[in-house]
Amino acid sequence: VVTDPYNIRNDRAVADRDRASVLTLGHIYELPFGQGKRLLSNASGIANHIIGGWSFSGITIAQSGLPISPVLANNAPLNSTFTLRPDIAGNPTVSNPSRDLWFNPAAFAVPGLYRQGTTGRNILRGPSLFEANWALAKQFRLTDATGLEFRWEAHNAFNTANLANPTAQVDSPAAGKIFG
């Protein structure tokens with residue numbers, strides 16, 4: 001939807017669900033220990049049962065943040081039902097973005113009466129995402145036809161806090177703050 005037919009360039013932007021960078025790494029690695037393997041291949045008996053049959057697997061995801069469109073909570077100056085964009089009046093970036101202040105809401109101003117602001121769509125980026133879901137597994141061969149697997153899994157192995165986008169309503173007391 002074009003919000004200002006006199007300035008359609010303000011609506012030209014990346015898609016609302018755009019991730020500029022995405023890395024997804026799925027892996028399964030059989031550890032090279034035990035009989036028939038590169039390391040400790042001469043292990044036998046109980047030693048082979050302890051050191052052989054291990055594997056490391058997982059999925060690691062790293063993604064850049066989603067786009068954010070600064071808006072005004074109060075659209076009364078435009079007398080409209082659609083969201084009003086503010087004027088850009090300064091630098092919206094902060095040197096150390098955090099959940100308490102992801103962008104500078106003071107860089108935006110309420111536009112004049114019956115006018116859409118000059119801020120473009122999706123001009124800011126939210127927090128990135130990182131997640132490492134890893135597993136360490138041990139295969140035990142009971143008979144030729146049956147086996148048993150011991151598995152230890154760690155979801156979000158590094159306990160990374162993946163934050164939601166901040167409040168984008170620049171005239172709100174919660175502007176630029178992240179609550180999710």
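The values are calculated or read from the model by the stated rules, or taken from the named source; none is laboratory data. Note that the structure is predicted; figures quoted are calculated from it, not measured. Methodologically, a virtual Cβ is constructed for each residue, glycine included, from the backbone with ideal geometry; neighbour enumeration extends over all protein chains shown. Protein only, heavy atoms only, side chains kept; ligands, DNA and RNA dropped before computing areas. Shrake-Rupley method; radii C 1.70, N 1.55, O 1.52, S 1.80 Å.
Here are the numbers for the structure shown:
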quantity	calculated
Some residue of the range 82-90 being farther than 30 Å from residue 60 by Cβ, out of contact with any Asp or Glu (no Cβ under 8 Å at 6 or more places or on another chain), modelled with pLDDT of 95 or more and surrounded by fewer than 19 Cβ atoms within 10 Å (Cβ to Cβ)	no
Residue that is farthest from the chain's Cα centre (by Cα), among those in the range 30-66 that are open to solvent by less than 50 Å² (accessible area, probe 1.4 Å) and over 25 Å from residue 155 (Cα atoms)	45
Residue match in the range 33-52 (condition: part of a strand (DSSP E or B), in contact with a strand residue (DSSP E or B) (Cβ under 6 Å, 6 or more places away or on another chain) and within 30 Å of residue 148 (Cα to Cα))	yes
From the options 93, 146, residue that is over 26 Å from the mean Cα position of the chain (by Cα) and either closer than 30 Å to residue 29 by Cβ or not acidic (Asp, Glu) (or both)	146
Odd one out for residue 166 among (1) part of a loop (DSSP other than H, G, I, E, B); (2) open to solvent by 40 Å² or more (accessible area, probe 1.4 Å)	(2)
Any hit, the range 10-29, residues being part of a loop (DSSP other than H, G, I, E, B), among the small types (Gly, Ala, Ser), modelled with pLDDT of 90 or more and more than 22 Å from the chain's Cα centre (by Cα)	no
Given (1) part of a loop (DSSP other than H, G, I, E, B); (2) without any contact (Cβ under 8 Å) to a residue 24 or more places away in the chain; (3) under 26 Å from the mean Cα position of the chain (by Cα), index of the condition residue 127 fails	(2)
Residue 160 being closer than 30 Å to residue 33 by Cα and without any contact (Cβ under 8 Å) to a residue 60 or more places away in the chain	no
